[in-house]
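Student: Pasting a structure below so you can have a look.
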Amino acid sequence: MVRIGAFLIGLFFSGWLLVSFLMGAVAYVSEPPVPTAEKEFHLHPKHVSYSFDGPLGHYDKAQLQRGFQVFSEVCSACHSLKFVSFRDLADLGYNEAEIKAIAKNWKIKTPDIDPKTGEMATREPVPSDKFPKPFANNVAAAAANNNAIPPDLSLMTKARHSGTAYVYSLLTGYQQQPAELLQKFPDVKTPAGLHYNPYFANLNLAMAPPLTAEGQVTYGEGQPKPTVDQMAKDVAAFLTWTAEPKMESRKSAGLAVLLFLLVATTLAYMSYRNIWAETKH
Amino acid sequence: MATLENTADQAISADGGGVRRRDFINIAAVSFAGVGGVVAVLPLVNQMNPSADVLAMASTEVDLSGIKPGQAIKTTYRSQPLFVRHLTPEEIAKADAADVASLRDPQTLDQRTIAGKKEWLVTMGVCTHLGCVPLGAGEGENKGEFGGYFCPCHGSHYDTAGRIRKGPAPKNLEVPPVTFTSDTAILVG
Amino acid sequence: MSFPWANHYTPKAPLMQWIDERLPLPRLVYNAVGAGYPVPRNLNYFWNFGVLSGLALMIQIVTGIVMAMHYGANELVAFGTVEHVMRDVNGGWLMRYAHANGASFFFIVVYLHIFRGLYYSSYKAPREMVWLLGLIIFLLMMATAFMGYVLPWGQMSYWGAKVITGLFGAIPVVGEPIQTWLLGGFAPGNAALNRFFSLHYLLPFVIAGVIILHIWALHIPGSSNPTGVEVKGPQDTVPFHPYYTAKDGFGAGIFFILFAIAVYFGPNFLGHPDNYIEANPLSTPAHIVPEWYFWPFYAILRAFTFDFFFIPAKLLGVLAMFASILLLFFLPWLDTSPVRSGNYRPLFRKFFWILVLDVLVLGYCGGAPAEEPFVMISQVAAAYYFAHFLIILPLIAAFEKPLPLPGSITEAVLAKHGEAAE
């Protein structure tokens, strides 16, 4: 009985799947899927190499500081960094006094209540505060940015495939919409207020090119020239750190753990062989 | 049939040089596993220690400008009540007048305040008996028999220097580390 | 049951003797996973995955309990508390990456354990109950993993919860009320998050309980082995300890090495980037996929694209997805071949490897976007999946001519070493 029932159920599912396959195949041949601009013109992130690549990689603190400079002078006007605290900047090599000064002079103030009146007010951030958000809420953010909400950047490089390279590619990838694209897909002209960028999933991005000119940010003495490419690379490195601040301790702990496990496993193997030495199996 | 004999017991316990070396390998393998297990437990224990954000909140800044002599404010330091009291000259005199040697926890007011800022008494608002919050910092609260603080839980009386004078508490109210950042502001912690 | 030649527990230390007389727990452990359990001497490395599954469950329970000390099951703070664990809690990043990757490794070892059972027909009499309990563990694991994935309250968490509970919405008449009941609302929200957290904490202990039953049921007939020939005498077995504890110790070492590589050097490789975006009920990710271990089933769900007369395609997909797991409960009665091991079943063996390939293809299609050619490939692969279990296996059992079996485990072992049994 079980096998007869199973046979019938199997016949039903398998049969209908094969029928669906045939109908789908006919449809696929008679009406092939329409190509879309996103499919044909979207590009994977460019290849870019960093000091923190690979199992032994470390952050380059000077680069993170430059990236932080780009973030604070350019990105922070619209983008929040809500999971990162000022105190975390110690990882970048700033000392306590410097962090205090950075927090105190931060352009955006931390919302708080007035200790005397209880009214909503703002105060200067302190190191234990998270980076304050540029907009009070999503509605304010959308209203100020042509209905597009600038996403939080704390986790951006983990929230996209090949995130570091993605941020770098996006920042350096703005261009004119290719003529070839308009020829093939005349309907998908980049709408007014959006900007063409082949590294963005649907090709048209609300954010205007943020890094436009060499020297937009002034780097300190002895640092590389602040070209657009360099600034993009540095801020992508900074955002890799904000997303994965514990990367260095993770990798160094990993090496120690692996070393230990290799020795322990070798011993376990020898012990296993030793116990079974007299027993054929 | 010799190949079929179950020889585990021999391999493990019989004597002879080769067998002792084998014993050593088994012991080494088990020891390594044991060490690994213990080391793996450490982060599981350590995660219960205060996290970085809790430690970052470990200092408090207090603005003294609004506190008139005779007044006190309650604020928090490390999530516990902190009393900041502006002593009047009479209160200072009263504290200095006490016979230090006879106190349960002998300390002078000078030892409990910053040199030159003797009028600012900064103490934890935590009774040293069982951790209740003493009264006396708020306007109109019972200040106890010695004009300082009074803990209603079990009746400990503290004087105007926050020293224990009567009741079950064993020690004076704790004085946290205080530094003056300006004439009218202090950093606690 | 135990074999008459099994070692008997005779505690030497007075303390153990004292305990054993009052609470025979040392005896129970000795007979379950100690020297008192005789095991076939010829088990290969595929028999390591049972113990490794138990190890993976322990890792999940320990890291999970630790993280629950820092997590807040509230839609306003859940995502933030996970970041708090990652950034501020001492060693929190290690706990979370170990837990997230631990789920994947749990499924890896359990899938290998299940396919071991399929190849060597470990589900056959007298071990049907072991197989059935194992499947219950598998179902509980899937429920636990799904609810755990919702807890970080990222985009994939939210939309996963919405889509999976939406499956119940496909059931006629009662479907929508059931979906609303599961979520405690009309969309995933605080109510759903809290109940998922509660159950996610509970179910692993239920799994541990069913594992005890699974091992209990296994100890009645004793472990199967690669020849599929039952144990005939003491020469066929070795005591579990020290023989298999040593072998499992080595297996655990290899497991930990691979696990450490994932946790320390590629912790997000098996995860999806979209789950690092906080849940947003107003915007669906471009490409929703569950975690990789659900991909084969997800492919079956999506393979149904045409209504079957009055049955809508959506309902068919849901039915087929549940059927693809439930049919495994009937496996002991579908495969009636008296021979267990695939080593002695030439035809069965070929179809077994086709099934492995088929499930891998289904998995790949389940993770790919729902567009051609992946839909068509998954339709063929899903058709084979059902045909394999429901049609092909019973037919093979009826028509296959198995190879001659060895007389005993010992005979097989000696033949392998080029000796003849006396």
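Any read-out appearing in this document is the output of simple, stated calculations on the displayed coordinates, not a laboratory observation. All figures in this text were calculated on a predicted structure; none of them were measured in a lab. Note: ideal-geometry Cβ built from the backbone for every residue, glycine included; neighbour counts use all protein chains shown.
Student: Taking the 0 to 90 degree range and rounding to the nearest ten, how far is the long axis of helix B:17-46 tilted relative to the main principal axis of chain B, both from C-alpha atoms?
Tutor: So the helix axis and the longest Cα principal axis differ by about 20 degrees.
Student: Continuing with this model, one more query. Roughly speaking, what is the centre-to-centre gap between segment B:138-189 and segment C:383-403 when only Cα atoms are used, to the nearest Å?
Tutor: Spelled out, the Cα-based centre of one part sits 85 Å from the other.
Student: Using the Cα gyration tensor of chain A, with a ≥ b ≥ c the square roots of its eigenvalues, what is the shape: rounded (a/c below 1.5), prolate (a/b larger than b/c) or oblate (neither)?
Tutor: Numbers: a/c = 1.94, a/b = 1.21, b/c = 1.60.
It comes out oblate by the Cα gyration axes.
Student: Now, a different point. Starting from the Kirkwood radius over alpha-carbon pairs of segment A:67-193, derive D by Stokes-Einstein at 10 °C in a medium of 1.306 mPa s and give it in µm² s⁻¹. Display every interim value, and only then the final one.
Tutor: Values: Rh = 17.3 Å.
Using the Kirkwood radius from Cα pairs, D works out to 92 µm²/s.
Student: Helix hunt in chain A: which complete DSSP H runs extend at least 30 Å axially by C-alpha with mean Kyte-Doolittle at least -1.0? Before the final figure, lay out each step's value.
Tutor: Working: long enough: A:2-30 (41 Å, 1.81); A:247-275 (41 Å, 0.79).
The qualifying helices are A:2-30, A:247-275.
Student: Same structure, new question: Per the Kirkwood treatment, what hydrodynamic radius in Å, one decimal, follows for segment A:38-88 from the mean inverse distance over all distinct Cα pairs? Walk me through the numbers before you get to the answer.
Tutor: Numbers: mean 1/r = 0.0716 Å⁻¹.
Radius from the Kirkwood sum: 14.0 Å.
Student: With a ≥ b ≥ c taken as the square roots of the eigenvalues of the C-alpha gyration tensor of segment C:94-171, please select rounded if a/c is under 1.5 and otherwise prolate if a/b is larger than b/c or oblate if it is not? Present the calculation step by step, with values, prior to reporting the outcome.
Tutor: Numbers: a/c = 3.33, a/b = 1.60, b/c = 2.08.
Judged from the Cα gyration tensor, segment C:94-171 comes out oblate (a/c at least 1.5, b/c at or above a/b).
Student: Work out the length of the dipole vector of chain C about its Cα centre, built from +1 on the beta-carbon of each Lys and Arg and -1 on the beta-carbon of each Asp and Glu, and round it to the nearest 20 debye. The partial results should precede the final answer.
Tutor: On the way: 21 positive and 22 negative charges, 138 e Å.
Computed about the Cα centre, the dipole is about 660 debye.
Student: Now for a different question. Looking at chain C as a GNM with Cα springs under 10 Å, which of C:Trp47, C:Trp181, C:Trp18 has the largest mean-square fluctuation?
Tutor: Answer for the Gaussian network model of chain C: C:Trp18.
Student: By how many degrees, between 0 and 90 and to the nearest 10, does the Cα long axis of helix C:313-326 differ from the longest principal axis of chain C?
Tutor: Around 20 degrees separate the two axes.
Student: Which FRET efficiency value, to the nearest 0.05, do you get for B:Val41 and C:Ala415 by plugging their Cβ-Cβ distance into 1/(1 + (r/R0)^6) with R0 = 56 Å?
Tutor: Values: r = 47 Å, r/R0 = 0.83.
After rounding to 0.05, the efficiency reads 0.75.
Student: Could you tell me which trypsin sites (Lys or Arg not before Pro) in segment A:22-107 are loop residues by DSSP with no more than 15 other beta carbons within 10 angstrom of their beta carbon?
Tutor: Working: sites: A:Lys39, A:Lys46, A:Lys61, A:Arg66, A:Lys82, A:Arg87, A:Lys100, A:Lys104, A:Lys107; in loops: A:Lys46, A:Lys82, A:Lys107.
Answer in residue order: A:Lys46, A:Lys107.
Student: Still on this structure, I have one more. Taking one equal scatterer on every alpha-carbon of segment A:135-242, how large is log10 of I(q)/I(0) by Debye at q = 0.13, 0.18, 0.21, 0.23 1/Å?
Tutor: Listed by q, the Debye log ratios stand at -0.60, -1.04, -1.23, -1.30.
Student: Between segment C:15-29 and segment B:46-114, what is the separation of their alpha carbon centroids in Å?
Tutor: 58 Å
Student: With 15 Å as the cut-off, how large is the P(r) tail for segment C:161-212, expressed as percent of Cα-Cα pairs? Show your work: numbers first, answer last.
Tutor: Numbers: 701 of 1326 pairs.
Tail of the P(r) past 15 Å holds 53 percent of the pairs.
Student: Let me ask something else about it. Ignoring everything except DSSP H segments at least 4 long, calculate the 222 nm mean residue ellipticity for the protein assembly as shown; use -39,500 (n - 2.57) per segment, divide by total residues, nearest 500. Before the final figure, lay out the partial values.
Tutor: Working: 31 runs with 429 residues, N = 892.
For the protein assembly as shown, the value works out to -15500 deg cm²/dmol.
Student: Computed over the Cα atoms of segment C:337-391, what is the ratio Rg over Rh, Rh following Kirkwood? Let's see the in-between values first.
Tutor: Values: Rg = 13.5 Å, Rh = 12.3 Å.
Rg/Rh: 1.10.
Student: Please name which of C:Pro346, C:Ala208, A:Leu258 has its Cα lying farthest along the dipole of the protein assembly as shown towards the positive end, using unit charges on Cβ (Lys, Arg +1; Asp, Glu -1) and the Cα centre as origin.
Tutor: It is C:Pro346.
Student: Going by Cβ distance under 4.7 Å, what cysteines of the protein assembly as shown have no possible disulfide partner?
Tutor: Singleton cysteines: A:Cys75, A:Cys78, C:Cys365.
Student: Quick one: angle between helix C:374-387 and the longest Cα principal axis of chain C, in degrees between 0 and 90, rounded to 10, please.
Tutor: That helix lies at roughly 40 degrees to the long axis.
Student: Viscosity 1.306 mPa s, temperature 10 °C: give me the Stokes-Einstein translational D for chain C in µm²/s, with Rh taken as the Kirkwood radius over C-alpha pairs.
Tutor: Details: Rh = 23.8 Å.
This corresponds to a translational diffusion coefficient of 67 µm²/s.
Student: Based solely on C-alpha atoms, express the radius of gyration and the Dmax of the protein assembly as shown in angstrom.
Tutor: Computed over the Cα atoms of the protein assembly as shown, radius of gyration and Dmax are 34.5, 109 Å.
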